[in-house]
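Notes to accompany the following structure.
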Amino acid sequence: MLSTNPKLIVHFSILILFSSLINPSIARKNHAINFKSPNLFPESIIWDPRDQHFIIGSLNHPIISSVSDAGIVNAEIVNALPPTSFILGLSLHRRLRRILAVVHHRNHTAALACFDLKSRKLVFMASLDDHHENVEYIKSVVSDNELVGDGLEGGSKHAQIGKFVANDVAVDFDGNAYVTGSGSDVIWKVNSDGVAFVLSRSMAFKGHPVDEKVAFNRVGLNGVVYCSKGYLLVVQSNSGKLYKVNVDDGSAKRVILNKDLVGGDGIAMRRDGVVVVVSQERLYFLKSDDSWGQGAVFDETALEVEKQASGVAVGDEDRVYVLYGYVNEGMMGGVEREEFSIVEIVSGKEAKEDSVWVFVLIGIGLAYFMFWRFQMRSLVQNLNKKTR
């Protein structure tokens with residue numbers, strides 16, 4: 001007669017139950033990439049899925065660099081921009097293999113630069129000043145008691161205050177780029193040939209009071225992400241509001257949220273539709289069930305404030321990464337720094353939900369195993385009866 005070892009079954013069951021307690025997303029340490037590049041001070045970050053590395057800009061140098069999983073920094077775009085320029089927002093067109101970069105020059109002008117990743121050559125440079133918005137910088141030295149925005153993020157003693165600062169950029173499937181203007185709450189559209197025009201100056205962007213006491217009170221529209229259904233999601237730093245903007249006519253509506261995204265800067269979207277917004281203090285996780293008419297912040301994670309996060313990207317396997325670029329130091333100038341980091345941030349609530357599902361699946365597996373054992377015992381008993 002066939003028999004099963006009771007001890008073996010008990011040990012097997014205990015092993016399964018123990019393994020169910022270890023959720024991979026909790027058990028492993030968050031992925032962290034530490035890299036070195038003298039005085040780079042990167043403000044934004046994107047992920048290149050084909051080459052499997054991150055791409056960053058610089059507040060100090062006119063270069064675009066890649067950062068590998070091992071923290072190796074390679075200059076991807078060099079000698080293509082004026083030596084007195086620096087880079088804010090970045091976006092990648094995966095099909096065309098183009099990088100789009102919001103470039104500012106020390107002569108107080110701004111442009112959207114488009115580079116071909118294969119040849120590393122400049123495709124076009126679309127002006128975002130004068131005719132389009134007249135970008136202006138005001139060099140300001142403020143006292144310790146004054147809270148003055150720098151036109152980008154945070155406040156500093158030596159601040160660059162942009163009245164119409166071109167900030168972040170997103171790109172759609174056809175190669176059209178969308179650039180946010182933080183000082184005047186404007187959105188430019190730049191087509192794949194480099195022709196730029198103002199897409200939106202919606203009054204919706206002006207419909208909410210701004211606390212003049214906060215350091216980023218002059219920083220309006222900031223992070224932007226393109227959604228495949230034909231609209232943009234744009235975060236406004238000084239009000240903490242999120243807007244849905246039509247890419248055809250520029251019409252905008254505020255997304256109704258359960259809380260404001262205070263100091264929101266960079267923004268990115270996962271494949272499952274979850275949106276992440278980074279500020280220097282925390283990372284917000286948002287979701288919507290109605291294509292962003294309404295949404296909810298379902299989790300938020302505290303960040304290392306002293307490292308001055310400014311960018312967020314969705315990497316391989318939908319993992320979320322925050323860029324610690326020490327941007328306040330970079331904008332102040334006169335500060336030397338070599339080490340920066342890219343750190344994975346995991347939603348605690350999502351990790352707990354994953355644990356629940358592991359328990360459910362293990363429970364189903366145990367039930368199936370016990371049913372199989374019962375069936376096998378019945379089969380053996382029937383075979384024994386026939387043998388007799």
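FYI, it's all coordinate maths here, none of it is from the lab. Just so it is clear, the structure is predicted and the values come from calculations on it, not from any experiment. We place every Cβ from the backbone using ideal geometry, glycine too, and count neighbours over all the protein chains shown.
Shape class for the range 32-345, computed from the alpha carbon gyration tensor (a ≥ b ≥ c): rounded, with a/c under 1.5. Using a/c under 1.5 as the rounded threshold, could you call the range 35-106 rounded, prolate or oblate? The axes a ≥ b ≥ c are square roots of the C-alpha gyration tensor eigenvalues, and prolate needs a/b larger than b/c, oblate otherwise. Oblate, since a/c reaches 1.5 and b/c is not below a/b.
Label reach from Asp272 (point 7 Å along Cα→C-beta): in the range 207-242, amide nitrogens under 19 Å belong to 228.
At 0.36 nm per residue, and after removing the present C-alpha to C-alpha distance, how many nm does the segment from Asn258 to Asp69 gain when stretched out fully? Could the numbers behind the result be given before it?
Details: separation 189, 0.36 × 189 = 68.04 nm, distance 3.58 nm.
Contour length minus the Cα-Cα distance gives 64.5 nm.
Legend: distances between Cα atoms for Lys229/Lys349; Lys189/Lys244; Lys29/Lys352; pairs beyond 18 Å are Lys229/Lys349. For the range 295-313, the residues whose backbone nitrogen is under 13 Å from a point 7 Å from the Cα of Ala351, taken along Cα to Cβ, are 300-302. Cβ crowding within 10 Å, taken as a proxy for footprinting-reagent exposure, orders Cys114, Cys227 from fewest neighbours to most as Cys227, Cys114.
Shape call for the range 150-303 from the C-alpha gyration tensor, a ≥ b ≥ c root eigenvalues: rounded (a/c under 1.5), prolate (a/b greater than b/c) or oblate? Can you show the working numbers first?
On the way: a/c = 1.59, a/b = 1.08, b/c = 1.48.
The shape class here is oblate.
Using alpha carbon centroids, what distance separates the range 296-332 and the range 172-250, in Å? Using only Cα atoms to place each centre, the spacing works out to 20 Å. Each Cα pair under 8 Å and six or more residues apart adds its separation to the average, and for the range 32-345 the resulting relative contact order is 15 percent. FRET efficiency for the pair Asp318 and Ser251, taken as 1/(1 + (r/R0)^6) with r the Cβ-Cβ distance and R0 = 25 Å, rounds to 0.25.
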